[in-house]
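Rule-based calculations on the coordinates, nothing more; no lab input. These numbers come from a predicted model, not from an experiment. Here the Cβ positions follow ideal geometry from the backbone for every residue, glycine too, while neighbour counts run over all protein chains shown.
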Amino acid sequence: MGDNPSRSTDATAGGSGVTGRHARPAGTGVSPSSYQEPPIGGGGAPLQRKARFSMETGFRGLSVSAGAMVLVIIVAIAVFLISKAVPALQANTANFFTDTKWFPNDAQPNFGIAAIAFGTVLSSVIALIVAVPIALGIALFLSHYAPKRLATPLGFVIDLLAAVPSVVFGLWGRDVFSQPVKDFSVWLNHYFGWIPLFGGDGPFGRSILLGSLVLAIMVLPIVTSLSREVFQQTPGMNEEAALALGATKWEMIRTAVIPYGKPGVIAAVMLGLGRALGETIALALTLGTVFTISFNLIQTGGNSIAANIANTFGEANAIGRGALIASGLVLFAITLVVNMAARAIIYRRREFRDSAA
Amino acid sequence: MSMMTRSDLAGVAMTPDNIRTKKLPLGVSLLVAVVAFGLAAAIVYGAGIGNWVLVVVLGWILYLVGLFLAASRVEGSRAARNRSWQSLIYSACVLAILPLASVVWTLVSKGVERFDANFFNTSMNNIGARDANGGAYHAIIGTLEQVGIATLIAVPLGVLGAIYLVEYGRGKFANTVRFFVDVMTGVPSIVAGLFILSFWVLIVSPWFNNGQPRFSGFAAALALSVLMLPTIVRSTEEMLRLVPGPLREGAYALGVPQWKTILKIVIPTALPGIVTGVMLAVARAAGETAPVLLVAGGADAINFNPFDGNQSSLALFVYQQAGDASKYAPARAWTAALTLVALVLILTIAAKMLARRNSLTR
């Protein structure tokens, strides 16, 4: 601690020395070849010849290969999944893409992903329809309505909720949330049974509705925290200009904040969709695992690719494992497309790249 | 301000009516609320179509409509729309907090039931359906070992990858890597589990195990590191970009080679941020169930060796107890869930605290 001031004075002295040297008349010190004396203040040794192999090339190679590792892993995921899926697909006696049954462990394996792929997409889409408006409302509340003293801790809590493991939400959905959803389903069926979505004779309970609502609660914090960051980045000038023209607060949000944040919000929604499509355990605990294609939301039923893998992996034989890997490959392809689309949207508007990570 | 306007607009009487639009008094909105909920209760109980939940929902809708009508009479339609949207945004907040509060409340109230020493000291070995005790010791061991190994694999790779992207990466290849790091963030955990299943468990592990595929905690660690890698690369990249350029230039000017600049100047400057990112990635990995289920298999007994034989993890323990028919299983599941959430939240909060003390900010 005591030597800090002296060091700083040294630095000042050195600095003045440098300017002194620079102040010499041109011609004496400008050309390096005309140096007669070694530099005073530690100028360093003459440049070394570049070695063929140095720490520099080694370190650069190491970091390049670490970067390339990401590409290797993505390619390897596809290659290994395909290699294990192909034998099962060859043994399959049904059409993999259109069949709805899942009997890969039989002597005559027949299985298809139509029902579970449908369930995956349906539950994710419903989850997003429920979650996105609420998430955007909270994001706007946090960025533009709430006082700062409330917004900061609330945003912190939202970030914490995004970290809660999915198995906890699944357990909650099965043990606590299923009863109110069941009552709600019975009510819907009683008064709105004429709509095919809410028809059927029961039993109600572990339905697409329950799974989707649990999913919605899970993606809510993610979409909220991403879009909140985007909304917060709206240039203050735009907002003030809108207000100065006499806009009400909502008109300011509609004309300045939302257009500016649109690409970021779309990307956040797509990322939430990617999360919902790949969600495994929460759906394995809340869906009814029925292999049918049905738009009925409230009857016991529903299934998804990921939940099916978690549920049936235990009793799968070699072909069954291959079949599950094949369905995982389809899931991988779907999420890859969704994520690449989301990233392409973010990349088109570069300024959002750093916020909507 | 008012002085200026008065002098500029001489001759215009600046009465309150002139400069302020009419405001809906608070009493009116309270009145609207009372009427709306009363009407909703009358409709719901009168027709017998539901219980108090429907009263609240219907009352809220009626309140919003009534408020809009009242406000548009007094304040004009633009102000009324403003008011309605504000109410909608506030109610979105309330609506979202309800289930999340329920999750937290259930977690704590059901979790403390078995939150005792026995739970943290015993495994599930030889615990039958009629045994009330049994605990998660083996699962905690599994989680710590798997996440630890995954961190050891993913951190060097991730930090080096980020160094490549920030310090060396130029041109098309770097952009491709950056794009696929982002895409890889969205790879579902079950796909990572299937990848390690088909790569490590089914192809590589038979080499060491007389041709038999073998589940292991190490395989789970591999799957978790696949999930952690993109998160670490992204957060480290962001932190490295925040290191001021003049720091690097200063080092180069002193003749320090680039690799030494990175290791001695850039990394130490960005270190708190990198640690924050790593802790968030660890927290996320600790909560993953699906990969562990697929490649570590789950176990009832304590297994300290991550390279040999089945292992469990806290998240997998929760899932397996949730599917168990024993009447004591739910209590164990909730206590394990509480433990898991506590672990994850402590990591996350510590990471956020560290981030707040970080001197490099946007």
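Here are some notes:
- For the protein assembly as shown, the fraction of alpha-carbon pairs in successive 10 Å shells from zero, as %: 3, 12, 20, 22, 17, 12, 8, 4, 2, 0, 0
- Calculated P(r) tail over 31 Å for the stretch B:120-357, as whole % of Cα pairs: 33
- Note on A:Ser83, A:Ser304: ascending count of other Cβ atoms within 10 Å places them as A:Ser83, A:Ser304, the fewest first.
- Helices of chain B meeting both criteria, an alpha-carbon length of 24 angstrom or more along the long axis and an average Kyte-Doolittle score not below 1.0, with helices taken as full DSSP H segments, are B:26-47, B:52-74, B:137-163, B:217-242, B:267-286, B:329-357.
- At R0 = 60 Å, FRET efficiency that the Cβ-Cβ distance of A:Lys148 and B:Asn305 yields, to 0.05: 0.70
- The stretch A:192-299: chymotrypsin sites (Phe, Trp or Tyr not before Pro) falling in loop per DSSP and having at most 16 other Cβ within 10 Å: A:Trp194, A:Phe295
- Annotation: lysines with alpha-carbon distance below 27 angstrom to B:Lys22 (same-chain offsets under eight excluded): A:Lys249.
- B:Ser102 paired with B:Ala129, simple spin-label distance in nm, labels 7 Å along Cα-to-beta-carbon: 3.0
- Once you reduce the stretch A:258-337 and the stretch A:188-250 to the center of their Cα atoms, the two points are 20 Å from each other.
- Entries in B:Lys172/B:Lys264; A:Lys262/B:Lys23; A:Lys84/B:Lys352; B:Lys172/B:Lys352; A:Lys182/B:Lys327 that, when Cα-Cα distance is taken, lie over 30 Å: A:Lys262/B:Lys23; A:Lys84/B:Lys352; B:Lys172/B:Lys352
- B:Val94/A:Asp106 FRET efficiency (R0 56 Å; Cβ-Cβ; nearest 0.05): 0.65
- Annotation for B:Trp52 and A:Ser65: the two label points, set 7 Å from Cα along the Cα-Cβ direction, are 6.7 nm apart.
- For the stretch B:125-255, the Kirkwood hydrodynamic radius comes to 17.7 Å, computed from all pairs of different C-alpha atoms.
- Over the stretch B:20-112 - Rg/Rh using Cα atoms and the Kirkwood inverse-distance radius: 1.12
- Take the Cβ atoms of B:Tyr45 and B:Leu69, set R0 to 25 Å, and the FRET efficiency comes out at 0.55.
- With 0.36 nm allotted per residue and the present C-alpha distance subtracted, the B:Val256-B:Phe173 stretch has 27.2 nm of extension available.
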